[in-house]
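Down below is the structure, laid out as structure tokens.
The values are calculated or read from the model by the stated rules, or taken from the named source; none is laboratory data. Quick caveat, the model's predicted, so the values are computed rather than measured. Using ideal geometry, Cβ is built from the backbone for each residue, glycine included, and neighbour counts are taken over all protein chains shown. The accessibility values were calculated without ligands, DNA or RNA, using every heavy atom of the protein model including side chains. Shrake-Rupley method; radii C 1.70, N 1.55, O 1.52, S 1.80 Å.
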Amino acid sequence: MKKILLLLLILAGSAQAQIQDAPRRTEGDGPYNRLIIRGVTLINSTGAPPVGPIDIVVEQNRIREIRQVGYPGVPIDPKRRPAAGAGDKDLDCTGMYLMPGFVDMHGHIGGRAQGTPSEYVFKLWLAHGVTTIREPGSGNGLDWTLRHKQLSLKNEITAPRILAYTFFGSGSREAISTPEAARIWVQENARKGADGIKFFGAEPAVFRAALEENKKLGLRSACHHAQLDVARMNVLATAKAGLTSMEHWYGLPEALFNDRTLQDYPADYNYNNEQHRFDEAGKLWKQAAEPGSEKWYKVMDELLKLDFTLDPTFNIYEANRDFMRARRAEWHEEYTLPSLWRFYGPSRMSHGSYWLDWGTEQEIRWKENYRLWMRFVNEYKNRGGRVTTGSDSGYIYQLYGFAYIRELELLREAGFHPLEVIQSATIKGAEALGLEKELGSVEIGKLADFVITTENPLANFSTLYGTGAIRVTDDNEVVRVGGVKYTVKDGIVYDAKKLLEDVKAIVQKAKEDEKFEITQPGKK
């Protein structure tokens, strides 16, 4: 298995010439010498309650002034407002809501396997307010990702800000089997310009050496603790060794084992059979220590002392507890590419397509899995721990942008106050990336990254979906409300609805070229 993974990583690193670059930016207005956003209710990530009306002054890509200009329901005295000079841009957002730009901590850009052009992915993210992503290992290769990181920093492409992490061992022609080899690879990864490393596991001495060297170089790290190695180093072991964040939840139940040392694998279990892998994973939290027990809090307290980050990505496994919901989400019809729809479909070979015989029993087990998982994450947050928002889209029927909004809803389900959800989506992600001085909150001097909406997201996160939310008027008319109005990244104002129209056009052309329509599995 490790040889297979190594081969895949080598192929991913060598295939970048086949990956199409994102087109040059033609969308968005600005940045302006001076942009004044007028009349918003500010939903910040500082712990403050919403406040408005507010005028915000941006010069180029920096916030220069945040001014309270009146009171709700009272006409604003123009004398209280920042004056607009010749050449300034006024953006009237009276009655709208403004938040810091969202940070997606688990944003795979996609690639050949899913058939997703980067323009498609980037526009879906921006259309849902995502202005920064952490790419935790790109199938497009590190060179491609770093090139697009620079293009995004210069705003030469329509894309979120990109932080590039590399799969541990990617590009190596030999398996990394010694601590010395691990250190050399980490040094080379840093020299290339990567922002961090994404691990799946490794032999303990190798893993520790890589984490130690990575930390010495000032880089950060993430890990999906795959079952192939988690018995040797669970979340607590890797956090103590220097890991800065965990992805999903693998490795956490294993750290909480009280009456066993290994997951209860059945005799016929085969890791390469993903139905086995994910069916049995749905039983794992029930094998861990009881919520509220001494072991439960001992592990939690140790992670808290290490300032460790949880990036749960609740949404990416939601199909496990409600397959129909994920598969029949209404946005698939207009926004999911044919190639991506085929990739999602039941298959013994495609990753995340393990619907070989998935049914009621599996979903019930996963509902209980979520209950326990969410309790740990919410308590971790309540005790001062950092919990971020990540989507991991492009797998398991989760679509870029839309899945990020679903993650906000699931954090709310876990017990987060709506304002705590906004913190998770903004400042907590910025902290985890070491960018809290530049991003994550609306404060003077920070970069001008905003999400602007016509509906109050704190009352209903589903109004952030590109498809909006259903509402019935007093005249009994069924209407759609919401969706992001504007996404501002680096002072550039993007019309979110226009970005969605561009995506729809990409999908429609692909359907026409292939004469494609969505069909149900098993039906001709």
(request) Would you check if Gly401 is within 16 Å of the chain's Cα centre (by Cα) and either within 28 Å of Leu91 (Cβ to Cβ) or among the aromatic types (Phe, Trp, Tyr) (or both)? (result) yes
(request) Might you let me know whether segment 498-509 holds any residue that is touching a Ser or Thr at 6+ places or on another chain (Cβ under 6 Å) and modelled with pLDDT of 95 or more? (result) no
(message) With buried (at least 20 other Cβ atoms within 10 Å of the Cβ), in contact with a Phe, Trp or Tyr (Cβ under 9 Å, 6 or more places away or on another chain) and part of a helix (DSSP H, G or I) as the only criterion, which of Val186, Val230 stands out?
(response) Val186
(request) Might you let me know whether segment 115-129 holds any residue that is among the aromatic types (Phe, Trp, Tyr) and under 17 Å from Lys489 (Cβ atoms)? (result) yes
(message) I need every pair where a residue in segment 115-129 that is closer than 18 Å to Leu146 by Cβ has its Cβ under 7 Å from the Cβ of a residue that is polar (S, T, N, Q), sequence separation at least 6 or different chains.
(response) Phe122/Thr158
(message) Any residue that is of a type in the set (D, E, K, R) and within 26 Å of the chain's Cα centre (by Cα) - is there at least one of those in segment 257-268?
(response) no
(message) Looking only at segment 17-50, filter to residues that are open to solvent by 50 Å² or more (accessible area, probe 1.4 Å) and outside any loop (DSSP other than H, G, I, E, B); which one of those is modelled with the highest pLDDT?
(response) Asp29
(request) Being touching a Gly at 6+ places or on another chain (Cβ under 8 Å) and not basic (Lys, Arg) narrows it down to one of Pro75, Pro82, Pro100, so name that one. (result) Pro100
(request) Out of Pro160, Pro117, Pro75, report the one residue that is open to solvent by 40 Å² or more (accessible area, probe 1.4 Å) and in contact with a helix residue (DSSP H, G or I) (Cβ under 9 Å, 6 or more places away or on another chain). (result) Pro117
(request) Look through segment 386-417, keep the residues that are open to solvent by 10 Å² or more (accessible area, probe 1.4 Å) and touching a strand residue (DSSP E or B) at 6+ places or on another chain (Cβ under 8 Å), and return whichever of them is nearest to Leu124 (Cα to Cα). (result) Asp392
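Residues that are of a type in the set (A, V, I, L, M, F, W, C) and open to solvent by 10 Å² or more (accessible area, probe 1.4 Å): does segment 269-285 have at least one?
No: zero hits.
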(message) Being charged (D, E, K, R) and surrounded by 19 or more Cβ atoms within 10 Å (Cβ to Cβ) is the filter here; which residues of segment 51-69 pass it?
(response) Asp55
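If you go through segment 181-188 one residue at a time, do you hit one that is more than 15 Å from Leu217 (Cβ to Cβ) and touching a Cys at 6+ places or on another chain (Cβ under 6 Å)?
Checked against the condition, which is being more than 15 Å from Leu217 (Cβ to Cβ) and touching a Cys at 6+ places or on another chain (Cβ under 6 Å), segment 181-188 yields no hits at all.
Would you tally the residues in segment 214-227 being assigned to a helix (DSSP H, G or I) and either within 24 Å of Gly282 (Cα to Cα) or open to solvent by less than 10 Å² (accessible area, probe 1.4 Å) (or both)?
Within segment 214-227, residues that are assigned to a helix (DSSP H, G or I) and either within 24 Å of Gly282 (Cα to Cα) or open to solvent by less than 10 Å² (accessible area, probe 1.4 Å) (or both) number 1.
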(request) Among residues belonging to segment 374-385 that are out of contact with any Pro (no Cβ under 9 Å at 6 or more places or on another chain) and of a type outside the set (S, T, N, Q), point out the one that is most open to solvent (accessible area, probe 1.4 Å). (result) Arg383
(message) Need a quick list: helices (runs of 4 or more DSSP H) entirely within segment 249-319 having at least 2 residues that are without any contact (Cβ under 8 Å) to a residue 60 or more places away in the chain and under 26 Å from Ile396 (Cα atoms).
(response) 252-255, 274-281
(request) Being closer than 19 Å to Arg62 by Cα and within 14 Å of the chain's Cα centre (by Cα) is the filter here, so list the residues in segment 425-457 that pass it. (result) Thr426, Ile427, Ala430
(request) Identify the residue in segment 79-110 that is open to solvent by less than 10 Å² (accessible area, probe 1.4 Å) and of a type in the set (Val, Ile, Thr) and, among all such residues, is farthest from Ser45 (Cα to Cα). (result) Ile109
(request) For segment 346-360, name all the residues that are under 22 Å from the mean Cα position of the chain (by Cα), among the small types (Gly, Ala, Ser) and surrounded by fewer than 18 Cβ atoms within 10 Å (Cβ to Cβ). (result) Ser350
(request) Take Lys489 and decide whether it is crowded, with 18+ Cβ neighbours inside 10 Å and either of a type in the set (A, V, I, L, M, F, W, C) or modelled with pLDDT of 95 or more (or both). (result) yes
(request) Please tell me if Val484 is at pLDDT 95 or above and within 22 Å of Gln398 (Cβ to Cβ). (result) yes
(message) Any residue that is of a type in the set (Asp, Glu), assigned to a helix (DSSP H, G or I) and modelled with pLDDT of 95 or more - is there at least one of those in segment 382-394?
(response) no
